[in-house]
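A.B. asks: The structure follows.
The values are calculated or read from the model by the stated rules, or taken from the named source; none is laboratory data. Everything numeric in this text was worked out from a predicted model, so none of it was measured. Note that we place each Cβ from the backbone using ideal geometry, even for glycine, and neighbour counts take in every protein chain shown. All accessible areas refer to the heavy atoms of the entire protein, side chains included, with ligands and DNA or RNA removed. Shrake-Rupley method; radii C 1.70, N 1.55, O 1.52, S 1.80 Å.
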Amino acid sequence: MAFDRRTFLGTTAATGAAVALAGATSTPAAAQSESGRPPRTYSFTVMGTTDLHGNVFNWDYFTDKEFDDKAHNDVGLAKISTLVNQVRAEKGRCNTLLIDAGDTIQGTQLSYYYAKVDPITARRGPVHPMAQAMNAIGYDAAALGNHEFNYGIPVLRKFEEQCDFPLLGANALDAKTLRPAFPPYSMHRLRTPHGPDVKVAVLGLTNPGIAIWDKANVQGQMTFPGLEEQAAKYVPRLRSLGADVVIVSAHSGSSGTSSYGDQLPYIENAAGLVAEQVPGIDAILVGHAHTEIPEYRVKNKATGKDVVLSEPLKWGQRLTLFDFELVWAKGRWSVAQVSAKVLNSNTAAEDPEITGLLSDEHRKVVAYVNQVIGTSTQAMSSADGPVKDVAIIDLINHVQAETVKAALSGTEWAALPVVSQASCFSRTASIPAGQVTIRDAAGLYPFENTLEARLLTGAQLKDYLEYSARYYVRTAPGDVVDPAKLTNSESTPDYNYDAVYGFTYDIDIAQPVGSRITGLSFQRKPVDPAGQFVLAVNNYRASGGGNFPHVPQARQLWANSDEIRNTIIQWVKAKGTVDPTQFASVDWRLTRAGVPVF
């Protein structure tokens, strides 16, 4: 039976709690006390995943083959299920809980298909594959991730309805009432052989950046205060309700960094700050940052006690295990020790129960992504996209610029020049020579971004490019250039480096950040700092994602509700033939003191 949100929230309304019970028995290890009698102890394990991003099978829908990366990681809930079964067999299922830290329903063509092509929101629509898999595996709770909101609140609510476990978000509030829009926490009761139950509270926290990144979907409906603020509110409440153990499932990295700039008064990656500033937390399952942290200890300022953090690698590549040792003293259970580690999905076979459960859905999506939509006169690859102006990124930009020009035709803005931004979202994206399929086109744009047109000046766009160029490691003339070490300066991800199509310019990587763009021109003429340009830009960037200057405040001239991915697919279908000679050219390059790097 699907999880009943109304029953769950009914408990919340009455007591401020959301309660789900799990019975358990245990055979704890005995230790001698000073009186000679063994104290009452109890051990249990909390397993955790995060950033699953629609991965059930160990399959890459963009390459149409088994997933593989440089480290030969495996992905998917089918592998996680096998690891979970092994842990439950070792520990006793009644002595385990399984939770997730968010970003569940976006990321693969499997999850996209059931949000857009055969949507779960349709009358008599299907059950989302992630709900089916997580229900079958037996998740106890999951925090909301920012990508849960990509398809709009109706899709998220339908997914929530289909889950047998609560979706938690203590800092996802109704914009009008400022009451929780989702259950803030869940309470789980583990039965011990000693009589007194152990009460384990799971507090869910999500990312305030949702207000920026999915502004179109949440504005006026939900608001997202900071993680520390809401944790400080709820942890004492959970302790007063009798929680012996408090675990936070936080869709927020541990580093204390933020890409919000001055747009929000909160920290994006705040899990470490929550551990440090909010007393009463025993462990935090970390998400969002897509990094692997087997165990990380943060000392709480108020109590001096260690809080154990762990972040399993994305897409189901790792499973975190928090092992808790409790002791009964002075009429209550207290945590004596917590440790954490991660298990690698490479060590597990896919669980045939999960792959069999969703085999029909998998086949449908494979057939969908392999539909032929056109042909290409030559092969294109994104492999060099981070360091060179390549045709495949020009394709994205050309489609975006053409779409905006057509949308502004007949308006007062029709005569303005249009330029476009795009990133190298995937270094493995490719378009083959010959037949082009949906998966080829979709692989260029793995995110659910939509397209906008914003009005900027030449000076503002130069600032934009200077900010983007911080992506490169400063490299003096004469120094050896290693392309593998040239990018991602200051941990800037590939998706936060933009090339602007329509301009011609050099990026002098020998210069300091802020002084790298030279020779900026449009149609062979220097760009007028006061001149007006239309920037074709994705909604993530337009909303402030990456903290690029000027764009969030710039006048919006037009916006589209369709994903850029679909716009590219429809463009290829309409053209029939993709010919790079019609749109691709080398308009930007890396230099040092005027000498090209490549």
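A.B. asks: Taking the stated definitions as given, is GLN511 part of a loop (DSSP other than H, G, I, E, B) and more than 18 Å from SER423 (Cα to Cα)? Give the steps one after another, and end with the answer.
C.D. replies: On the way: part of a loop (DSSP other than H, G, I, E, B): yes; more than 18 Å from SER423 (Cα to Cα): yes.
It is true that GLN511 is part of a loop (DSSP other than H, G, I, E, B) and more than 18 Å from SER423 (Cα to Cα).
A.B. asks: Just need a number here: residues in the range 70-108 that are touching a strand residue (DSSP E or B) at 6+ places or on another chain (Cβ under 8 Å) and without any contact (Cβ under 8 Å) to a residue 12 or more places away in the chain.
C.D. replies: Number satisfying all stated conditions: 1.
A.B. asks: Continuing with the same structure: Give, as residue ranges, the strands (runs of 3 or more DSSP E) completely inside the range 516-592 that count at least 2 residues that are open to solvent by 40 Å² or more (accessible area, probe 1.4 Å) and within 30 Å of PRO208 (Cβ to Cβ). Spell out how you get there, then give the answer.
C.D. replies: Details: elements: 517-522, 532-538, 555-563, 588-592.
Output list reads 555-563.
A.B. asks: Let me ask something else. Taking the range 189-240 as the search range and keeping residues that are hydroxyl-bearing (Ser, Thr, Tyr) and touching a residue at least 24 places away in the same chain (Cβ under 8 Å), which one is farthest from GLY261 (Cα to Cα)?
C.D. replies: Kept after step one, since they are hydroxyl-bearing (Ser, Thr, Tyr), are these residues of the range 189-240: 192, 206, 223, 234, 240.
If we keep only those that are touching a residue at least 24 places away in the same chain (Cβ under 8 Å) as well, we get 192, 206, 223, 234.
Working: THR192: 48, THR206: 18, THR223: 18, TYR234: 27 Å.
Filtering the range 189-240 for residues that are hydroxyl-bearing (Ser, Thr, Tyr) and touching a residue at least 24 places away in the same chain (Cβ under 8 Å), the one farthest from GLY261 (Cα to Cα) comes out as THR192.
A.B. asks: For the structure I just gave you, tell me whether LYS299 is at pLDDT 95 or above, open to solvent by 40 Å² or more (accessible area, probe 1.4 Å) and within 26 Å of the chain's Cα centre (by Cα).
C.D. replies: Values: at pLDDT 95 or above: yes; open to solvent by 40 Å² or more (accessible area, probe 1.4 Å): yes; within 26 Å of the chain's Cα centre (by Cα): no.
Here the answer is no, as LYS299 does not meet what is asked.
A.B. asks: With the checklist (1) within 21 Å of LEU190 (Cβ to Cβ); (2) surrounded by fewer than 18 Cβ atoms within 10 Å (Cβ to Cβ) in hand, flag the one item LYS70 doesn't pass.
C.D. replies: Among (1) within 21 Å of LEU190 (Cβ to Cβ); (2) surrounded by fewer than 18 Cβ atoms within 10 Å (Cβ to Cβ), the lone unmet condition for LYS70 is (1).
A.B. asks: Scan the range 423-447 for residues that are under 20 Å from the mean Cα position of the chain (by Cα), surrounded by 22 or more Cβ atoms within 10 Å (Cβ to Cβ) and not hydrophobic (A, V, I, L, M, F, W, C) and report the count.
C.D. replies: Total satisfying the criteria: 3.
A.B. asks: Within the range 122-236, which strands (runs of 3 or more DSSP E) (wholly inside it) include 2 or more residues that are more than 20 Å from ASP103 (Cα to Cα) and not polar (S, T, N, Q)? Give the derivation first.
C.D. replies: Values: elements: 141-143, 185-190, 198-205.
Answer list for the range 122-236: 185-190, 198-205.
A.B. asks: Looking only at the range 186-225, filter to residues that are touching a helix residue (DSSP H, G or I) at 6+ places or on another chain (Cβ under 6 Å) and over 30 Å from PRO552 (Cα atoms); which one of those is surrounded by the most Cβ atoms within 10 Å (Cβ to Cβ)?
C.D. replies: My answer is LEU203.
A.B. asks: Looking at GLU228, GLU292, GLU268, can you tell me which residue is closer than 23 Å to GLY48 by Cβ and open to solvent by 60 Å² or more (accessible area, probe 1.4 Å)? I'd like the intermediate steps shown before the answer.
C.D. replies: Values: GLU228 fails: open to solvent by 60 Å² or more (accessible area, probe 1.4 Å); GLU268 fails: open to solvent by 60 Å² or more (accessible area, probe 1.4 Å).
Every option except GLU292 fails the conditions.
A.B. asks: If I filter the range 219-238 for residues that are farther than 16 Å from ILE284 by Cα and modelled with pLDDT under 95, do I get at least one hit?
C.D. replies: Among the residues of the range 219-238, at least one is farther than 16 Å from ILE284 by Cα and modelled with pLDDT under 95, which makes the answer yes.
A.B. asks: Considering only the range 416-441, state which residues are farther than 18 Å from ASN560 by Cα, of a type in the set (A, V, I, L, M, F, W, C) and not in a loop (DSSP other than H, G, I, E, B). Break it down stepwise before answering.
C.D. replies: Of all residues in the range 416-441, those farther than 18 Å from ASN560 by Cα come to 416-417, 423-441.
Then drop every residue that is not of a type in the set (A, V, I, L, M, F, W, C), which leaves 416, 424-425, 429, 431, 433, 436, 438, 441.
Passing the criteria: ILE431, VAL436, ILE438, ALA441.
A.B. asks: While we're looking at this one, here's another question. Just need a number here: residues in the range 77-96 that are open to solvent by 10 Å² or more (accessible area, probe 1.4 Å), of a type outside the set (Val, Ile, Thr) and within 9 Å of ALA348 (Cα to Cα).
C.D. replies: The qualifying residues number 1.
A.B. asks: Just need a number here: residues in the range 335-359 that are in contact with an Asp or Glu (Cβ under 7 Å, 6 or more places away or on another chain) and in contact (Cβ under 8 Å) with a residue 40 or more places away in the chain. Steps first, please.
C.D. replies: Going through the range 335-359, the residues in contact with an Asp or Glu (Cβ under 7 Å, 6 or more places away or on another chain) turn out to be 335-342, 345-346.
Next, only the ones that are in contact (Cβ under 8 Å) with a residue 40 or more places away in the chain stay: 335-336, 338-342, 345-346.
Looking only at that region, the number is 9.
A.B. asks: Can I ask one more? Residue by residue through the range 406-422, note down the ones that are free of Cβ contacts under 8 Å to residues at least 40 places away in the same chain and open to solvent by less than 70 Å² (accessible area, probe 1.4 Å). Even if it seems obvious, please write down each step before you answer.
C.D. replies: Within the range 406-422, the subset free of Cβ contacts under 8 Å to residues at least 40 places away in the same chain is 406, 409-410, 412, 414-415.
Listed by number, the list holds a single entry, ALA414.
A.B. asks: Still on this structure, I have one more. For the range 295-318, which residues satisfy the criterion of being in contact with a Lys or Arg (Cβ under 9 Å, 6 or more places away or on another chain) and within 15 Å of ALA283 (Cβ to Cβ)?
C.D. replies: Answer for the range 295-318, where residues must be in contact with a Lys or Arg (Cβ under 9 Å, 6 or more places away or on another chain) and within 15 Å of ALA283 (Cβ to Cβ): GLU295, LYS299, LYS305, ASP306, VAL307, VAL308, LEU309, SER310, GLU311, PRO312.
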